[in-house]
């Protein structure tokens, strides 16, 4: 393994920190161009506030009627490419599994709410031919009233749509529990997570948010780590996005960036998910992947300052816990089509979504498939992932990503054969990986 740190980059630091949907598609009723003014979405970053790991810089792009499930961005030579859930299912091998997720429950932890969520899911389902989901929404601390003028709430509503619709697309037979924190404060999100762990509500927990390790208070980090240990002790698998700022994370006051791994992805009990730019044929056949670094954001990755090298990473020779462990398609150029009605740009719109937020619900769905295949919960996935990746099975179970980097102005890393701090072990070949995880 090799991972080189570089102190500077010629690339400009992007002015957004977390949300990134590319405004893309048309009204559900008729073919149109999404002409609403697509403004950059921002939200405050401050110490003790997790941010959704969806990178968004909205660009209005011509598209067809949502109900037709055909969009101009699906052309392989489109200026900004997009993929339907069906194309992504084909690319990674989801279609090998019938009744995907049946008997499993995926918990998604997010903050605030999305008042249009059920309409969004219905639009996504009708557009892409998916069945109605078994979806339950809970708010253990009470539901926060949605303020469409609050950019933080708007960005979290995008995260919610992406998370729920992604899980439903990949494992349509699974039960989904959306667990909403009252705010994005660390203590509030931790309390919401504690609720589902204590009550043993689900088999897998997806966390598409994060912040620099130094920005979470030490006492909360200690409580979080203990909670994650309790979760895996119950057989619950934990997944988290590695971040959308490359090897950087926003500083605790949000005024600059710093070289840092993201928590909760850096916790040893959690499987951290990085990002790639995926290239497909129109039918969804996989043709290649590079590290996500497309001008909208970069795959998060780095070395923890909190956790020592876990046993499953000892053979890598890394100085401490490193992230990510694995990767999934995260490019905004080549992102997934998602319905999002709380954008403020009008009802019935489909958007291109990217960011490592797209990878966390995908890998949570993989964990659900592996549980289903095994017939029982698997708990912490990393020991299994690293054992498979370090065996002769590696090339059959993973796409090894060897092109690209996540370098930002503060530094970063290059991809390399095998494991690296940009895409981990790579992206899944599910027809072979899921049975291997189940074994």
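FYI, it's all coordinate maths here, none of it is from the lab. Predicted model, so just to flag it, every value in this text is computed and none were measured. Using ideal geometry, Cβ is built from the backbone for each residue, glycine included, and neighbour counts are taken over all protein chains shown.
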Mind jotting down the distance between the C-alpha centroids of the range 332-385 and the range 408-439, whole Å? 16 Å
Return the distance in nm (one decimal) between the two label points of a simple spin-label model at residue 141 and residue 222, each offset 7 Å from Cα along Cα→Cβ. 2.1 nm
Can you pull the one-decimal nm distance between simple spin-label points at residue 311 and residue 431, each 7 Å off the Cα toward Cβ? 3.5 nm
Anisotropy class of the range 182-259 from Cα gyration tensor, a/c 1.5 cut: prolate
Once the Cβ-Cβ distance between residue 229 and residue 347 is put in as r, and R0 is 45 Å, what FRET efficiency do you end up with, to the nearest 0.05? 0.55
Relative to the present Cα-Cα distance, how much length would full extension add between residue 256 and residue 200 at 0.36 nm per residue of separation? 16.3 nm
Final fewest-first order of 252, 82, 215 on the 10 Å Cβ neighbour count is 252, 215, 82
Using the count of nearby Cβ atoms within 10 Å as a rough guide to exposure, how do 423, 70, 287, 127 rank from fewest to most? 287, 70, 127, 423
Highest-MSF residue in the chain out of 424, 411, 317 [GNM, Cα springs under 10 Å]: 317
What percent does the relative contact order of the chain come to when contacts are Cα pairs within less than 8 Å and at least six residues apart? 23 percent
Under a 10 Å cutoff between Cα atoms, tell me which one of 50, 169, 75 has the largest fluctuation in the Gaussian network model of the chain. 75
Whole-angstrom gap from the range 262-311 to the range 186-222, using each part's C-alpha centre: 20 Å
Starting with the fewest neighbours, write out 156, 292, 425, 432 ranked by other beta-carbon atoms found within 10 Å of each beta-carbon. 432, 425, 156, 292
Given the rule -39500 (n - 2.57) for each run of at least 4 DSSP H residues, summed and divided by the residues of the chain, what is its mean residue ellipticity at 222 nm, to the nearest 500 deg cm²/dmol? -7500 deg cm²/dmol
Relative contact order (%) - the range 255-382, alpha-carbon pairs under 8 angstrom, separation at least six: 27 percent
Compute the relative contact order of the range 321-434 as a whole-number percentage, counting only Cα pairs closer than 8 Å that sit 6 or more residues apart in sequence. 29 percent
GNM flexibility winner over the chain from 342, 256, 242 (Cα, springs under 10 Å): 256
